[in-house]
Amino acid sequence: MNGAVSKEILELDEVETREWLDSLDYVINRRGPERARELLAQLGVYAQRAGVKIPFTANTPYINTIPVERQPVYPGSREIERRIKSLVRWNALAMVVRANREESGIGGHISTYASAATLFEVGFNHFFRARNANHDGDIVYFQGHASPGVYARAFLEGRVSEEHLRNFRRELRPGGGLSSYPHPWLMPDFWEFPTVSMGLSPIMAIYQARFNRYLEDRGLKETNDSKVWAFLGDGEMDEPESMGSITLASRERLDNLIFVINCNLQRLDGPVRGNGNIIQELEAAFRGAGWNVIKVIWGSDWDPLLAQDREGLLVKRMGEIVDGQWQKYATESGAYVREHFFGANPRLLEMVKGLSDEQLKKLRLGGHDPQKVYAAYHAAVRRRGAPVVILARTIKGYGLGESGEGKNVTHQQKKLNEDELRQFRARFGIPISDDEIAETPFYRPPENSREIQYLQERRQKLGGYVPSRVVAVESIRAPEEEMFAEFYEGTRGREASTTMVFVRLLAKLLRDERLGKLIVPIVPDEARTFGMESLFRQVGIYSHAGQLYEPVDAATLLYYKEAKNGQILEEGITEAGSMSSFIAAGTAYATHGVNTIPFFIFYSMFGLQRVGDLVWAAGDSRCHGFMLGGTAGRTTLPGEGLQHQDGNSHLLAYPVPNLIAYDPAFAFELAVIIREGIRRMYEKQEDVFYYLTLMNENYAHPPMPEGDKIKEGILKGMYRFKAAEDGRSELRAHLFGSGAILNEALKAQDLLAEKYGVAADVWSVTSYKELYHDGNDVERWNMLHPAEKPRTPYITQCLAGDDGVFVAATDYVKALPDSISQWLPGRPGGLISLGTDGFGRSDNRAALRDFFEVDHRFISLATLGESQIGIASEVWSERARERESGRAGDKE
Ligand SMILES: Cc1ncc(C[n+]2csc(CCOP(=O)(O)OP(=O)(O)O)c2C)c(N)n1
Ligand SMILES: [Mg+2]
C-alpha cells in the first residue's frame, strides 16, 4: 500500500518538476537568463517568507561553469598542439627517469606535470605574453614540481640544451645543469619566481597583482593589461598562506589575477579530500570570498551525455561521489565505472549503453581537454571586476597508465621500466624505436618540422619566451651624502630612539626629488607603534578606491589619508602579506624594470621568525630592499614579555645568504648603512637585501666619531667607538656592544675606569653576521692557499695589538658574539658573551637587563672576573638579596 502511494507521489513529483522546468525554459528563451535570475531570486525570497528553509550553498552543481554553447572556437591547430604536448610530456618524463637511472635518489617528479600538461600548453600556445619592448608581459607562477615540463618545453623551443636536460638536478656538473625547481637565484635568466615551497606562490601572486595596480595608480608603470597567472596544486591550497589572502584580491578587484588550480585530487601521500570534494570546497571558499570561479571538470566526451540528462540524474550522480571514489574510478576499468558509477540508476546505464567499456574508460576530464581549458582561460582573461580562479580537474600521473596514473604512490614515481616506457611512447606517439627505448633518449624534431615551427610562431606572436627573467633597468645613483649630514651630526643631546631616527630619515627620502617616488613604505598595522603616522598625511596610504568616507580624524593634522596615488602600503595585520608586497616591490626591477625601494617595517619578533620562509624566497628572488625589525631587542622592549621580545632575529638572519643584517645603535650608523644599502642595491644592482633592527629606547645620539675608517667599520661590522681614556693602565679590556646595549657598554667603561682602574675600549659591533662571514671567507682562502701569505679577518685586524679581556654584550642570543670569538687576537675562544638566551619577561628595561644579565654591572662583572679582580662579590650579593626577596625569579 505504502509503496503504491510513494509511487504515485513519485510520478506527481516528476510531472511537477517537468512543469516548473518548462516554465523556466520558457522564461529563459523568451526573456533571457537575466530575467530568469531575477525570478529565481524573487522565488527564493518568497519561499523564505513562507517559512521554507533554503539551505545556504555557495556551490554550483558539479559540472563545468561554461556551458558547451558558450565555448569559443579553438583558435589553433589541435592536432599539432597535441603533438607538441606529447613531446613535452616525453622529454619531461625522460629527464626524470634518466636522472634517477644515473643517480638513484636524485629525485624529480613525473606525475605533477603529467596532470598539468594541458593547463600549461594551452597557456604557452595562446595566453602567456612575454615581456618585451612593447608589452609588460604576463607574470606566471609555475607549480614548482611541474618544472620538468617547463624545461622540456624550453628544450623544444631551443632555449635549453640536451646537456642541460641530462643534467637535471645535477647543477654542479661541468657545463651546468637545471635546478630542481624554479629558483631565480640558480637560473637568473630563466626563472622569475620561486614557487616550490607550497603556499608561497599563491600569496606572492596576489600581492604581485596588487603591486601591479599600485605601480599603475602611482604613475610608475602601465601594467593594466598584464595578467598574473598562478598555477597551483589542490593539495597546496591547504597551506594557510594559500587562501589566507584571497579576500584581499576580491576586495581590491584584482581582475588581473588568475589562479589555475590543478585539481588532480591527490597530494603526496594520497587523496586531498578522500571523503570530500576539493573542487566544491574550493569553489565555495573562493565564491564566498568574491572571486569568479570557473570549474573545468568534464571534457568534451561528457557533453553528449550531459545533453541527454534532462532530469539532472547524471549531474546529481556526479555530485554524490567523493574524491577518494573518483580516484578509484580513474584507476579502474570501463566495466567497473559502468557498474559502479552509472550502475546507480538504470536510466544512467541506459545513457551509456552505446559506449564500449573502452570508451567509458577514456571519457576525458576537463583539465585534459584543450577545448575546455581554452574556454576557461578565454573567459578568465576577459572577466572584469574580480579575480578568477579556475578549478581544473585532472588525473595525477596522466598517461603513466599502470605505472602510476591516479595511484597513491604516483607523486614519488621516478622510474619506469622498459615496458612502461614503451606503453607511454605508444600512447603519445613518440617516434622512438624499440631499440632506443631502453636508453630513453630525448627527442626534438628538426627545426623545420611543423611542430617546432608552430611552437616558435606561437611564441613569437606572444612576444617571446616564458618564463624568462630579464633585468632591463637603469641603475640609480645613491642619495647624496648631504642628505644624511644631519644624522651624522647626532641629536645634540636630544633623546630619540633609532626608530624615530629612521622615520625621520624615511620622511626625508620620501621628499627627495629623485628617489622619493620610488620608495615603498610597507607596514602591517604598526605605523603608530613606530611613530610613522606623520607619513599618512605626507604621502598617503595607497587605496585603489581612493577614500570613500570622511575620516574620523579629518580635522587633525595627521589624519588617516587614503588615496589612489597613496604611497604607503598599509597591509593590515599580515606579515606574510606585507612580506609578499616587499618581494613584489623589491623585484620590480626585474619584473617591471622599475627600481622601487621597499622599506618594510614590522615588529621584529614577527619577522624572520614568523615569515622566515618568505624571507628565504625573497633571497632566492634576488629581491632588493630594507626590512626593518622595529621594537627589537629582548630587553629593550619593556613590558611586552615573552612573545614580543626579540632576541632571535639576528641569529635567524645568519642562514639567509644574501641578507645583510645590522643592529645599529646610533643615528649616524643607521644613516651610513641605509645610504650604502641604496648604493649597493640600486646603483650597483647587487642582489642583496637588508635587515636592520630598530629600537624604542630613547637616548642622545652622538655625532659620528672623526676618522676615515669609521664608515668602513660601521659597514664591515665593527669599529672602535670610544677608546679608554687612560691608555696607560695595565688592566685592559675591550667591550663589544650592539644596538641599545652599546650604551650599557659605555656605562661599564666608566664604571670600570672610575672604580677599578680598568681601561676599556668600547667597540660598536654593528653586525656580527658581517664579521662572521668575513672571518669564514678569510679562513677558507687561507685553507685553499697554504703556500701564500695568510690573510687576516677584519675583526682580527681591528684588534691587532690589543690585549686584555674581551667581553661582548648583546640584546640577542649569545650565539651571535660566540660566532666570532675564534678570531680574537691571541685568545681564540676567549670572548665572554653576555646575551639574552631564554624566554622574555614583562618588566621595565632595568629589570630585564638585570634578569638577562646584560647591563653595565654584568659587563663589568664579566670583565673583572676575567681580569682576576673581584667585584664579583658586590654584584652577587645584590643579586642574592633580590633572590631572597623573590624578585629575580628563575634564570634560564
Ligand atoms: C611547504 C611545503 N611543504 C611540503 C612540500 C613537499 N611537497 C612537495 S609536492 C607535495 C604534494 C603536492 O600536492 P599538490 O599541491 O596537490 O600538487 P600536485 O603534485 O598534486 O599537482 C608536497 C607535500 C613542499 N614542497 N612545500
Ligand atoms: Mg594535487
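The values are calculated or read from the model by the stated rules, or taken from the named source; none is laboratory data. What you are looking at is a predicted structure, and each value in this text was computed from that prediction instead of being measured. Cβ: placed from backbone, ideal geometry, glycine included. Neighbour counts: every protein chain shown. SASA here: full protein model, heavy atoms, side chains in, ligands and nucleic acids out. Shrake-Rupley method; radii C 1.70, N 1.55, O 1.52, S 1.80 Å.
Could you tell me which of the residues Trp781, Trp763 is modelled with pLDDT of 95 or more and crowded, with 24+ Cβ neighbours inside 10 Å?
Values: Trp781 fails: crowded, with 24+ Cβ neighbours inside 10 Å.
Exactly one residue qualifies, and that residue is Trp763.
Going residue by residue through the range 310-318, is there one that turns out to be in contact with a strand residue (DSSP E or B) (Cβ under 9 Å, 6 or more places away or on another chain) and not polar (S, T, N, Q)? Within the range 310-318, one or more residues are in contact with a strand residue (DSSP E or B) (Cβ under 9 Å, 6 or more places away or on another chain) and not polar (S, T, N, Q).
Do we find a residue being under 19 Å from the mean Cα position of the chain (by Cα), open to solvent by 10 Å² or more (accessible area, probe 1.4 Å) and aromatic (Phe, Trp, Tyr) anywhere in the range 626-641? No, the range 626-641 contains no residue that is under 19 Å from the mean Cα position of the chain (by Cα), open to solvent by 10 Å² or more (accessible area, probe 1.4 Å) and aromatic (Phe, Trp, Tyr). Looking at Ala485, Ala438, Ala478, just one residue is within 31 Å of the chain's Cα centre (by Cα) and either among the aliphatic types (A, V, I, L, M) or at pLDDT 95 or above (or both), and that residue is Ala478. Could you go through the range 323-339 and let me know if any residue there is outside any helix (DSSP H, G or I) and hydroxyl-bearing (Ser, Thr, Tyr). Within the range 323-339, one or more residues are outside any helix (DSSP H, G or I) and hydroxyl-bearing (Ser, Thr, Tyr).
Among residues that are at pLDDT below 95 and more than 16 Å from ligand 1 (Cβ to nearest atom), Asn134 is included.
Screening Ile206 against (1) within 21 Å of His109 (Cβ to Cβ); (2) under 14 Å from the mean Cα position of the chain (by Cα); (3) open to solvent by less than 20 Å² (accessible area, probe 1.4 Å); (4) away from ligand 2 (no atom under 16 Å from the Cβ) leaves a single unmet condition, (1). Within the range 266-283, residues that are part of a loop (DSSP other than H, G, I, E, B) and open to solvent by 10 Å² or more (accessible area, probe 1.4 Å) sit with their Cβ atoms under 6 Å from residues that are at pLDDT below 95 and within 11 Å of ligand 2 (Cβ to nearest atom), at 6+ positions apart or across chains, in these pairs: Leu268/His411. Comparison of Val389, Val322, Val315 shows that the only residue that is touching an Asp or Glu at 6+ places or on another chain (Cβ under 8 Å) and at pLDDT 95 or above is Val315. Among strands (runs of 3 or more DSSP E) entirely within the range 662-765, having at least 3 residues that are of a type in the set (A, V, I, L, M) and farther than 28 Å from Pro598 by Cα singles out 759-765. Applying the set (1) of a type outside the set (A, V, I, L, M); (2) at pLDDT 95 or above; (3) open to solvent by less than 40 Å² (accessible area, probe 1.4 Å); (4) in contact with a strand residue (DSSP E or B) (Cβ under 9 Å, 6 or more places away or on another chain) to Arg169 leaves exactly one unmet item: (3). Of the set (1) more than 14 Å from ligand 1 (Cβ to nearest atom); (2) in contact (Cβ under 8 Å) with a residue 60 or more places away in the chain; (3) polar (S, T, N, Q), all apply to Asn408 but (1).
Against the numbered list (1) among the aliphatic types (A, V, I, L, M); (2) within 12 Å of ligand 2 (Cβ to nearest atom); (3) at negative phi, Leu265 comes up short only at (3).
Test of understanding: among Gly235, Gly244, Gly274, Gly288, which residue is farther than 23 Å from Arg70 by Cβ, out of contact with any Lys or Arg (no Cβ under 8 Å at 6 or more places or on another chain) and within 16 Å of ligand 2 (Cβ to nearest atom)? Reasoning before the result, please.
On the way: Gly235 fails: out of contact with any Lys or Arg (no Cβ under 8 Å at 6 or more places or on another chain); Gly244 fails: within 16 Å of ligand 2 (Cβ to nearest atom); Gly288 fails: within 16 Å of ligand 2 (Cβ to nearest atom).
On inspection, the qualifying residue turns out to be Gly274.
For the range 491-500, the criterion of being surrounded by 19 or more Cβ atoms within 10 Å (Cβ to Cβ), part of a helix (DSSP H, G or I) and among the β-branched types (Val, Ile, Thr) is satisfied by at least one residue.
Here's a check for you: in the range 415-430, which residue that is buried (at least 18 other Cβ atoms within 10 Å of the Cβ) and part of a loop (DSSP other than H, G, I, E, B) is nearest to the chain's Cα centre (by Cα)? Here the answer is Leu416. Scoring Pro304 on the criteria (1) open to solvent by less than 40 Å² (accessible area, probe 1.4 Å); (2) away from ligand 1 (no atom under 16 Å from the Cβ); (3) assigned to a helix (DSSP H, G or I) leaves a single failure, condition (1). Could you identify the single residue in Thr223, Thr195, Thr247 that is more than 20 Å from the chain's Cα centre (by Cα) and among the β-branched types (Val, Ile, Thr)? Criteria check complete, one pass: Thr223. Residue-level check: of (1) open to solvent by 20 Å² or more (accessible area, probe 1.4 Å); (2) closer than 21 Å to Ser580 by Cα; (3) within 16 Å of ligand 2 (Cβ to nearest atom), Val260 misses just (1). Criterion applied to Gly219, Gly270 was being away from ligand 1 (no atom under 11 Å from the Cβ) and of a type outside the set (A, V, I, L, M), and the one residue passing it is Gly219.
Here is a list: Asp843, Asp803, Asp811. Which entry is among the charged types (D, E, K, R), closer than 20 Å to Ile741 by Cβ, open to solvent by 70 Å² or more (accessible area, probe 1.4 Å) and in a loop (DSSP other than H, G, I, E, B)? Let's see the steps before the verdict.
Numbers: Asp803 fails: closer than 20 Å to Ile741 by Cβ; Asp811 fails: open to solvent by 70 Å² or more (accessible area, probe 1.4 Å).
Step by step, each of Asp843, Asp803, Asp811 is checked, and only Asp843 is among the charged types (D, E, K, R), closer than 20 Å to Ile741 by Cβ, open to solvent by 70 Å² or more (accessible area, probe 1.4 Å) and in a loop (DSSP other than H, G, I, E, B).
Residues are listed down the side, and each one gets a yes or a no for (1) at pLDDT 95 or above; (2) within 28 Å of Lys414 (Cβ to Cβ); (3) buried (at least 24 other Cβ atoms within 10 Å of the Cβ):
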| residue | (1), (2), (3) |
| --- | --- |
| Thr65 | yes, no, no |
| Pro72 | yes, no, no |
| Ser86 | yes, yes, no |
| Asn91 | yes, yes, yes |
| Met95 | yes, yes, yes |
| Ile106 | no, yes, no |
| Ser115 | yes, yes, yes |
| Ala130 | yes, no, no |
| Ile139 | yes, no, yes |
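Annotation note: of Ser197, Ser180, the sole residue that is buried (at least 20 other Cβ atoms within 10 Å of the Cβ) and in a loop (DSSP other than H, G, I, E, B) is Ser180.
Kindly indicate whether Met243 is part of a loop (DSSP other than H, G, I, E, B) and either open to solvent by 10 Å² or more (accessible area, probe 1.4 Å) or basic (Lys, Arg) (or both). Let's see the steps before the verdict.
Details: part of a loop (DSSP other than H, G, I, E, B): no; either open to solvent by 10 Å² or more (accessible area, probe 1.4 Å) or basic (Lys, Arg) (or both): yes.
Against the criterion (part of a loop (DSSP other than H, G, I, E, B) and either open to solvent by 10 Å² or more (accessible area, probe 1.4 Å) or basic (Lys, Arg) (or both)), Met243 does not qualify.
Screening Met237 with (1) assigned to a helix (DSSP H, G or I); (2) more than 13 Å from ligand 1 (Cβ to nearest atom); (3) over 13 Å from the mean Cα position of the chain (by Cα) gives one miss only, at (2).
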